[in-house]
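Chemist: I am attaching a structure below and will ask some questions about it afterwards.
Read-outs throughout are calculated quantities, based only on the coordinates presented, and are distinct from any laboratory measurement. Computed from a predicted model, the values in this text were never measured in an experiment. Cβ atoms come from the backbone with ideal geometry, glycine included; neighbour counts cover every protein chain shown.
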Amino acid sequence: MSNSRLIEGQAISARWRSLAYSHFSRPPPDPTLLVEELAKVLDYTGYFSSTQPSVDFVRAVALEGIETIIRHTLRSESALKVGIVSSNMSLLFEAPGTVFDDTRMTNDFGPTSVPITEGQDRIAGTTEVGVGKSICRAGEIRYTEILLKAKVVLEKDVMAGS
Amino acid sequence: MSWNLPFSFHPFGRNVGEISTETQGNTARSEEVGLLRREIAELKGQVKKQEVDIGRLIREKERRENRIEELEHKVGFYQGDMQRQAQYMRAMEERLKQTQELLEARSAELTGAHAFLSMSDDQSEEEVLGIVRDLNENIYQVAVDLTEEWEKLESPRTTSPTDVDPTSRPWASALIQVVRNRDPVGLTFLLQSCLCSQVVSMASSWGHQELGVLQSIYQRLSASGERHR
């Protein structure tokens, strides 16, 4: 690496890291948003009313756990963006309703990967987030190396169980 | 003229014995006078000697007084000097303390600058994966806790299940059908899906709003690193 390139990289890295540090040193977000989203999920069950708000239920049962999740989310994002600067790593999440692609569960996939959507299975939900590393070597197409696979529930399995 | 003396006075009227006695008396007195004179001379000598001694002692006293005065002056000077030295020492200690604090601050800044200037990773991939695994574990635990408590709800359904617009929520419309049948496993999945969606949304806020500049920098950094890998 030439000296000027190295300095350029360091300058960007320094600015990036200093801004990232300042970003992650801010107080964690309010857990209210997560509480309300979980309460809406529970509202769909129909077991809560205005006299027994699901929000209070969620707060009573899981507020501490939700705050822990927020802290872990910020910690993981800080690790991904500040701890790792040699590559672009990010959390993986499979959107519900999208067609399940087997190739996304292989060790790496990219634009050239041929999707395997046999049976057109759709994703019901993601139960565990994964981690992917974006790699693009000179002259090559960018692809994502799967470091931790996201876990999903397929619609067909949900329907079969119900 | 004739005087009527009560006794007969005649120089030649005394007898030889009286004269001899008188002579002896004179001799004794002369000797006594000599002795006294010697004694006086001796005493004078002693006085003179003592005067000399006194003079010497006075001079010695004066010399010592001068010496004491000189020493007191020196003591005063040294005390003043010690006070000045103590003040100087305090000033130097203060400066040393300030220098040490400055050194510590600059060292911390240098360490920070090194961290910023380094293009190497501060954490290993395995550490990052461990953090994400912990996150997934916490998501699962919250989903399970809520499901367990939800199962304990004994009251009958008090409201109709809320209608779901699949486009309004990014999570799991298919699971909702299962949940409506009071399936706890389905509810756990649904809660996990909701939490995963929110977590990813929270994390992806990184590149939005005022943080757009960060995303731009990060992309340039990544591109720069990839060019030279």
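Chemist: Apply the Kirkwood formula to region B:15-114: the hydrodynamic radius equals the inverse of the mean of 1/r over all pairs of different alpha-carbon atoms; give it in Å with one decimal.
Modeler: Result for region B:15-114 stands at 22.1 Å.
Chemist: Once phi is turned into ³J(HN,Hα) by the Karplus curve 6.51 cos²θ - 1.76 cosθ + 1.60 with θ = phi - 60°, what whole-Hz value does each residue of region B:61-78 show in order, with x for glycine and proline?
Modeler: 4, 4, 4, 5, 4, 4, 5, 4, 4, 4, 5, 4, 4, 5, 4, x, 5, 5
Chemist: Less than 9 Å Cβ to Cβ from A:Lys156, Lys/Arg counted +1 and Asp/Glu -1: what total charge do the surrounding residues give? Can you show the working numbers first?
Modeler: On the way: positive: A:Arg122; negative: A:Asp121, A:Glu155, A:Asp157.
Net charge around A:Lys156: -2.
Chemist: Report the extension gain between B:Gln79 and B:Glu94 in nm, rounded to one decimal, defined as 0.36 nm multiplied by the number of residues separating them, less their alpha carbon distance.
Modeler: Numbers: separation 15, 0.36 × 15 = 5.40 nm, distance 2.21 nm.
Result for the pair: 3.2 nm of gain on full extension.
Chemist: Counting other beta carbons within 10 Å of each Cβ, put A:Val158, A:Val82 in order, fewest first.
Modeler: A:Val82, A:Val158
Chemist: Would you pull out the residues with amide H under 5 Å of A:Thr127's amide H, same chain only if 5 or more places away, H placed 1.01 Å from N?
Modeler: Residues meeting the criterion, in which the H sits 1.01 Å from N, are A:Lys151, A:Val152, A:Val153.
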